[in-house]
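Remarks on the structure that follows.
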Amino acid sequence: MKATVEKTGILILAVIIIMAVSCKREKFPGSDDIIITWEVKSNIYNKDQAAVKAEFTIRNNSEVILNDESWTLYFNQSPRYVLNSGASSGAQVEQINGDWYRIFPEEGFELQPGEKFSVTYESRYWWIKESDAPHGLYFVFINSRGKEKIVTVNNFTIVPFERTEQLSRHFRDETPVPTPKVLFHQNKNLNELHRSFIPPIIPTPVSYIATSEMADLNDDFTIYYAPVLQSEALHLQNRIKDIFGWDINAIQGYSDDDFSINLIVENFSVNGKSENAYRLEVNEFGNVYIRGTDPAGVFYGIQSLIALLPLKAFSNGDMNNTWLPVVRIEDAPRFGYRGVHVDVSRNFFPKESIQKMIDILAFYKINTLHMHLTDDEGWRLEIKALPELTEVGGQRGHTTKDAAALHPAFGSGPFPYTDGKFGSGFYTQEDFMKILQYAHNRHIRVIPEINMPGHARAAIKAMEARYNYFMERGDEAAAEEFRLIDPEETSEYLSAQLFNDNVVNVARESTYRFFETVLDEIIEMYEKAGAPLDIIHVGGDEVPRGAWSASPMIDELMEKLDHIDNPQNMHAYFTERTLEIITSRGLKMAGWEEVALKDDADGNHVPNVAFADGNVIPYVWNNLWGAQDLAYRLANRGFPVVLCHVTAFYFDLSYNKDPKEPGLYWGGFVNTRDAWHYNPYDVFKTTTRDNMGRLVDIETEYRHMERLDPSARHKIMGVQAQLWSETILNPDLLEYYLLPKLVGFAESAWAKERVWETTASQNLRNRQVETEWNAFANALGQRELPRLAYIFGGYNYRIPAPGAILVDGFLEANTEFPGLQIRYTTDGSKPGPESALYTGKIKLSVDSVKVRAFDASGRSSRTIDVENNSLIP
């Protein structure tokens, strides 16, 4: 008996030891245990095609052996077609879908603790920025029993972009890297002006007449307003409270008493415009008269009144010795449509961020907010009839490609709703109605975009989840009611963002039932909010070739359609059907330029004049690659057009080529000057470089392109700036991308025609542009930027780094926006507000200097390092 007990005890002890050893072996690495670096090796190694070679190095600092079945590394990266997966290095890189990639081990792989390995891979095009690098990295580890554990990566390093082959886009890249000396050269024609020579208000009024007198500002003001202007009076009352802390009375009526502000509606016109026009008068007695042709005109007059306030009023609410100029302003907008588009699908921005954005849009007299609510990577608006749209389409997390769920994108990571990530989220109907009301009170209309038939992966996956739910319960009718795909379709395609499953099937009746259901709930939201809705944007862009090419449903429908014999033109069929739904509800359809195009017999995009009856509004983004005249071709054929041109108005494109400057650059680089230097009626004159920075001979290269017919000028509704959010990872970056580009855009959208727009001589035109830009840049540096630090609680705007050279010990420096201060250090420390102030060329007995720009609020640019003997290129 004793022997049996001893044997049993030994057996139990052995089992415990084995289990302990087994548990030790089954331990997973932690977030800090795997160290990863990533480096671009070259963008210019392949002369035959544009390609980039990059390398991961992965070090195993855990206690766990990594083998060929125990791990996969997932990440997001700018979508590029993989040319070489790195096979034979022990692991391979695979682009799964969109910007979602993985690295997985090859057979026989083993990485012992303390060891490292590298995998080099090649992709199409190029990566030249830190924002191009992989992000949102995480491992899925699998133990021998098949148990999975997701572990995010904490130790990830991007090797700096320093070499020419890392900083250039292939061999055709002519855009210089913005080194200190390059910036110095670019800024050399700018000089600081007295404030009397800079625009007093942006956007610049049609007429501004000021005397040398000033009117005192104090808390004795009373607002008097016409009955229809109660909302505008409340807005002014609140703005004065926010800025000065004064509780100003607002009374319905009129008064000529001293220190009265009168808000009035009258009939008049300014520069031939009678809508949204205003007259603002400040007299020597402190009386303010704001007359508008409508409430919106009065509102814009209020914005100009606020813009006249001195900077110190915003910085500390100082009411001592605060004055307004005695002035008379007459003003009206150049365009009735002045829009900004924000993509809340790729990355989600909460209601409060959008409302803060609306505040600054209204201040710069923007009147349209185009909200891109849906795309492949997210559905952001609650639709109560279809809760799956936000339950499934409103969040991203680790899954499989074919699951009825959304995988990570843009670094959102494996877990939905992670703090600091903005891949998950949506607006409840209550949230959205509050946005509508907030915008409406500031004379901004909100145009909702529901993107179809392409860019629809979030909707497709949500409706597949709905389909699965009802099929599991045996309710086939409910399952099919809103389904968006042909399950028998075998079409092969690849979208611009490298999705192969993002196009709805336009032959399904349930597709149009889905569209109607969504549209009717949106209409109801607008009605409840008391906000106007006259345009619904359907997206309609980038349907990839090959979509619908192998769909039994499409084939069956095309046999019944006499006017369509090409699956690609089923896009036009979708437009026909959705247009009918939209117009039956008293609305107009907007879409990106593709909604107004069709394929001809040769496969070329040509205007589809069947839609040129005024109910379809193309938003034209393309003014490159031979499409510089596309907007005019459409307008000349009767389409109302919104100009959204990429080279001037794509604000998600990076400010410049600095590898630390975030943003995209497929269409080139866009800065504040580009948004300002825009000729809406002759875009050829301002499209002076291609996306690779090559200077265009506009007289030769654009000679045979179609010009805008004078009789079609009225078809240009206006202009719109775009903020696509693939690289805009949080609300702070949203503000950084927007500001100060918005200020340049506002001038192009509102101000009257600039003299250089109609100057025939290119040399004279260039001189006029330089003179006017110098004045505008001074307004930015001296006034607009520092005000952004305070107004509406302050914004995360960008201050450009200064230009500088250090030649033979002499430092010379300048800035893109004269009026900014430049400070420097010679001891290697970062310049601060108390560092030496640069006032002119100075002799320094050092080999390097650190330089930084500051505005009047104390906000600053990046610090730049200037080495001795730098030469102007």
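The values are calculated or read from the model by the stated rules, or taken from the named source; none is laboratory data. Every value quoted in this text rests on a predicted model; they were computed, and no experiment measured them. Cβ coordinates were reconstructed from backbone atoms using ideal geometry, including for glycine residues, and neighbour counts include every protein chain displayed. Please note that ligands, DNA and RNA were not included when accessible areas were found on the heavy atoms of the full protein model with its side chains. Shrake-Rupley method; radii C 1.70, N 1.55, O 1.52, S 1.80 Å.
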* Structure fact -> Selection from the stretch 401-420 of residues closer than 13 Å to ILE150 by Cβ and open to solvent by 20 Å² or more (accessible area, probe 1.4 Å) yields PHE415, PRO416, THR418
* Would you please name the residue that is nearest to the chain's Cα centre (by Cα), looking only at residues in the stretch 225-241 that are open to solvent by 40 Å² or more (accessible area, probe 1.4 Å) and either without any contact (Cβ under 8 Å) to a residue 24 or more places away in the chain or more than 23 Å from GLN437 (Cα to Cα) (or both)? => ASN238
* Asked: Is at least one residue of the stretch 367-374 touching a residue at least 12 places away in the same chain (Cβ under 8 Å), crowded, with 23+ Cβ neighbours inside 10 Å and over 28 Å from GLY794 (Cα atoms)?
  -> yes
* To do: Return the only residue of ASN249, ASN267, ASN271 being at pLDDT 95 or above, surrounded by fewer than 21 Cβ atoms within 10 Å (Cβ to Cβ), over 23 Å from ASN367 (Cβ atoms) and not hydrophobic (A, V, I, L, M, F, W, C).
  => ASN249
* Asked: If we keep just the residues of the stretch 156-209 that are within 30 Å of GLU130 (Cα to Cα) and among the basic types (Lys, Arg), which is most open to solvent (accessible area, probe 1.4 Å)?
  -> ARG172
* Asked: Is it the case that GLY832 is more than 25 Å from the chain's Cα centre (by Cα), small (Gly, Ala, Ser), at pLDDT below 95 and farther than 18 Å from LEU193 by Cβ?
  -> no
* Asked: So, of the residues in the stretch 806-827 that are free of Cβ contacts under 8 Å to residues at least 40 places away in the same chain and open to solvent by 50 Å² or more (accessible area, probe 1.4 Å), which turns out to be nearest to VAL849 (Cα to Cα)?
  -> THR826
* Asked: Within the stretch 41-63, how many residues turn out to be open to solvent by 20 Å² or more (accessible area, probe 1.4 Å), touching a helix residue (DSSP H, G or I) at 6+ places or on another chain (Cβ under 9 Å) and either part of a loop (DSSP other than H, G, I, E, B) or of a type in the set (A, V, I, L, M) (or both)?
  -> 3
* Answer with yes or no whether PHE171 is within 29 Å of the chain's Cα centre (by Cα), touching a residue at least 24 places away in the same chain (Cβ under 8 Å) and more than 27 Å from ALA801 (Cβ to Cβ). => yes
* Asked: Is the stretch 674-689 home to any residue that is of a type in the set (D, E, K, R), more than 22 Å from GLU772 (Cβ to Cβ) and surrounded by fewer than 23 Cβ atoms within 10 Å (Cβ to Cβ)?
  -> no
* Long-range neighbours under 9 Å by Cβ, at least six apart or interchain, first residue polar (S, T, N, Q) within the stretch 455-478, second buried (at least 17 other Cβ atoms within 10 Å of the Cβ) and at pLDDT 95 or above -> ASN468/ALA404; ASN468/ALA479
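Looking at ALA627, ALA601, ALA612, can you tell me which residue is without any contact (Cβ under 8 Å) to a residue 12 or more places away in the chain, out of contact with any strand residue (DSSP E or B) (no Cβ under 9 Å at 6 or more places or on another chain) and closer than 28 Å to HIS563 by Cα? Spell out how you get there, then give the answer.
Values: ALA627 fails: out of contact with any strand residue (DSSP E or B) (no Cβ under 9 Å at 6 or more places or on another chain); ALA612 fails: without any contact (Cβ under 8 Å) to a residue 12 or more places away in the chain.
Being without any contact (Cβ under 8 Å) to a residue 12 or more places away in the chain, out of contact with any strand residue (DSSP E or B) (no Cβ under 9 Å at 6 or more places or on another chain) and closer than 28 Å to HIS563 by Cα holds for just one of ALA627, ALA601, ALA612, which is ALA601.
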* Being part of a loop (DSSP other than H, G, I, E, B), more than 29 Å from ALA801 (Cβ to Cβ) and free of Cβ contacts under 8 Å to residues at least 12 places away in the same chain, is that true of even one residue in the stretch 690-703? -> yes
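Listed here are the residues, each with its yes/no results for (1) modelled with pLDDT of 95 or more; (2) assigned to a helix (DSSP H, G or I).
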site	(1), (2)
LEU561	no, no
THR575	yes, yes
GLY591	yes, no
ALA627	yes, no
* For residues that are touching a Lys or Arg at 6+ places or on another chain (Cβ under 9 Å), open to solvent by 30 Å² or more (accessible area, probe 1.4 Å) and of a type in the set (A, V, I, L, M, F, W, C), tally how many sit in the stretch 83-97. => 2
* Could you check the stretch 220-266 for strands (runs of 3 or more DSSP E) lying wholly inside it with 1 or more residues that are over 13 Å from TYR289 (Cβ atoms)? => 222-225, 249-252
* Structure fact -> (1) in contact (Cβ under 8 Å) with a residue 40 or more places away in the chain; (2) under 30 Å from ILE864 (Cα atoms) all hold for TYR632 apart from (2)
* Are any residues in the stretch 448-493 among the small types (Gly, Ala, Ser) and either within 19 Å of GLU516 (Cβ to Cβ) or surrounded by fewer than 15 Cβ atoms within 10 Å (Cβ to Cβ) (or both), and if so, which ones? -> ALA456, ALA458, ALA459, ALA462, GLY474, ALA477, ALA478, ALA479
* Checking ARG328 against (1) surrounded by fewer than 20 Cβ atoms within 10 Å (Cβ to Cβ); (2) touching a helix residue (DSSP H, G or I) at 6+ places or on another chain (Cβ under 9 Å); (3) assigned to a strand (DSSP E or B), which test does it fail? -> (2)
* **Selection count, the stretch 287-304, where residues are buried (at least 21 other Cβ atoms within 10 Å of the Cβ) and either more than 37 Å from the chain's Cα centre (by Cα) or part of a helix (DSSP H, G or I) (or both)** => 9
* To do: Select, from ILE18, ILE10, ILE35, the only residue that is modelled with pLDDT of 90 or more and open to solvent by 50 Å² or more (accessible area, probe 1.4 Å).
  => ILE35
* Asked: For the stretch 433-532, which helices (runs of 4 or more DSSP H) that fit wholly inside it have 1 or more residues that are closer than 30 Å to LEU229 by Cα?
  -> 509-529
* Please determine, by comparing only the residues of the stretch 844-858 that are farther than 21 Å from ASN191 by Cα and of a type in the set (D, E, K, R), which one is surrounded by the fewest Cβ atoms within 10 Å (Cβ to Cβ). => ASP847
* To do: Sort out for me the helices (runs of 4 or more DSSP H) sitting completely within the stretch 711-779 that have 1 or more residues that are open to solvent by 30 Å² or more (accessible area, probe 1.4 Å).
  => 731-738, 762-779
